[in-house]
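The block underneath contains the structure these notes are about, expressed in structure tokens.
The values are calculated or read from the model by the stated rules, or taken from the named source; none is laboratory data. For clarity, every value in this text was computed on a predicted model and none was experimentally measured. Here the Cβ positions follow ideal geometry from the backbone for every residue, glycine too, while neighbour counts run over all protein chains shown.
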Amino acid sequence: MISVKNLSYSYPKSKVEAVKEITFDVQEGEIFGFLGPSGAGKSTTQKLLIKLLQGYRGEVDVLKRPLGKWNGDYFANIGVGFELPNHYLKLTGEENLKLFASFYPTVAYKPIELLRMVELEEHAKKPVESYSKGMKMRLNFVRALMHNPSLLFLDEPTSGLDPGYARMIKDIIIDLKKRGKTIFLTTHNMHDADELCDRVAFMVDGELKLIGSPRELKLQNGKRRVKVETHDEGKLVAHEFEINGLAQNAEFIRCISSPNLQSIHSCEESLEEVFLRTTGKSLKVSG
Ligand SMILES: Nc1ncnc2c1ncn2[C@@H]1O[C@H](COP(=O)(O)OP(=O)(O)OP(=O)(O)O)[C@@H](O)[C@H]1O
Ligand SMILES: [Mg+2]
């Protein structure tokens, strides 16, 4: 669905490249996560892929066509959720969606159906300037879905949402994948990336450092060990065991049979730890 080869870009007047020689592919039907700390170049990459920024070096094909060959009809084929909502503040939520619907040859959902999807129905007739940040984000998100595109670009879709609404958006994203959509998801929330993405790309300082499935990345360098915690004589005691031979390990069996057993964890790396080890940079975890 997306093929990128040696893509580089510098903002006008900027001496440093925001995106440096990046190469990756996104397969049909996958959720591909772009993960990296603030300033890494994630949004810049999305903006290049949606033709919002021009003047890049490298090759980009989207939906089997070089980006340069796409014209105005590109936007009927892709859905875009921007990092920062850009609504008409004096218009209501419903009017905003009607206005954006008028830009497409056909739309799949009525504005009120989209608003219902993200629990904004009762706010349909209120001006967007009266919406909270989270409400604006939810409106921004459904705007990307109205024409039922096969390819979606979502830049930080859960940022600024409380855990309940973040869950709602993630469930909609999972449902979109089930319906065969391809999703390019930008985030610096590694929990979201871990949960949602088939593959993630780690980006730091404009460069792609690593691409892989979250599961593979976490298992590759993790310790094949299990950590067991027990409460012995008022103190919490941690024990570690090799995964191999656990069923025959008498000490492990004693620990897990104990009435004082507190917790059991396997010791694979978290995606955050993989990121830190690979890039030397920390991902700031955000809601
Ligand atoms: N309009 C612009 N003009 C000049 N430089 C820019 C512009 N937008 C972004 N940059 C620079 O490009 C680099 C990448 O920014 P980008 O917005 O792509 O990062 P990001 O990974 O999306 O970060 P965040 O997680 O904070 O959204 C940064 O150094 C940033 O300062
Ligand atoms: Mg960004």
Check your understanding: Which of the following residues is farther than 20 Å from LEU49 by Cα and in contact with an Asp or Glu (Cβ under 6 Å, 6 or more places away or on another chain): LEU196, LEU246, LEU219?
Key -> LEU219
Point to revise | All positions within region 50-100 that are assigned to a strand (DSSP E or B) and either of a type in the set (A, V, I, L, M, F, W, C) or surrounded by fewer than 14 Cβ atoms within 10 Å (Cβ to Cβ) (or both) | key: ARG57, VAL60, VAL62, ARG65, PRO66, ILE78, VAL80
Review point. Does PRO111 count as crowded, with 17+ Cβ neighbours inside 10 Å, modelled with pLDDT of 95 or more and under 19 Å from LEU89 (Cβ atoms)?
Key: yes
Check your understanding: Only one of (1) over 18 Å from ILE2 (Cα atoms); (2) part of a strand (DSSP E or B); (3) among the aliphatic types (A, V, I, L, M); (4) modelled with pLDDT of 95 or more fails for VAL226. Which number is that?
Key -> (4)
Exercise for review: For PHE241, work out the one condition from (1) closer than 30 Å to PHE32 by Cβ; (2) in a strand (DSSP E or B) it doesn't fulfil.
Suggested key: (1)
Check your understanding: What about ILE2, is it closer than 30 Å to ALA124 by Cα, of a type in the set (Val, Ile, Thr) and modelled with pLDDT of 95 or more?
Key -> no
Revision key, fill the gap. Only one of (1) modelled with pLDDT of 90 or more; (2) outside any strand (DSSP E or B) does not apply to GLN262, and that is (2)
Check your understanding: Checking SER102 against (1) away from ligand 2 (no atom under 16 Å from the Cβ); (2) under 21 Å from THR45 (Cβ atoms), which test does it fail?
Key -> (2)
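So which residues in region 242-270 are within 34 Å of the chain's Cα centre (by Cα) and free of Cβ contacts under 8 Å to residues at least 40 places away in the same chain, if there are any at all?
Answer for region 242-270, where residues must be within 34 Å of the chain's Cα centre (by Cα) and free of Cβ contacts under 8 Å to residues at least 40 places away in the same chain: GLU242, ILE243, GLN262, SER263, ILE264, HIS265.
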Practice item. Looking only at region 27-36, decide whether some residue is on the phi > 0 side of the Ramachandran plot and surrounded by fewer than 17 Cβ atoms within 10 Å (Cβ to Cβ). Key: yes
Practice item. Of the numbered conditions (1) within 12 Å of ligand 1 (Cβ to nearest atom); (2) over 23 Å from TYR165 (Cβ atoms); (3) part of a helix (DSSP H, G or I), GLU17 fails exactly one; give the number of that condition. Key: (3)
Review point. Do we find a residue being under 15 Å from the mean Cα position of the chain (by Cα), modelled with pLDDT of 95 or more, surrounded by fewer than 16 Cβ atoms within 10 Å (Cβ to Cβ) and farther than 22 Å from PHE75 by Cα anywhere in region 148-167?
Key: yes
Exercise for review: Could you run through region 173-196 and say how many residues are more than 21 Å from ASN148 (Cβ to Cβ) and of a type outside the set (Ser, Thr, Tyr)?
Suggested key: 8
Check your understanding: Mind checking which residues of region 20-56 are modelled with pLDDT of 95 or more, more than 9 Å from ligand 1 (Cβ to nearest atom) and under 13 Å from VAL204 (Cβ atoms)?
Key -> LYS20, ILE22
Exercise for review: Working carefully through the options LYS69, LYS170, LYS64, LYS110, find the one that is of a type outside the set (Asp, Glu), over 30 Å from SER3 (Cβ atoms) and out of contact with any Lys or Arg (no Cβ under 6 Å at 6 or more places or on another chain).
Suggested key: LYS110
Check your understanding: Taking region 35-44 only, how many residues are more than 9 Å from ligand 2 (Cβ to nearest atom) and not in a loop (DSSP other than H, G, I, E, B)?
Key -> 1
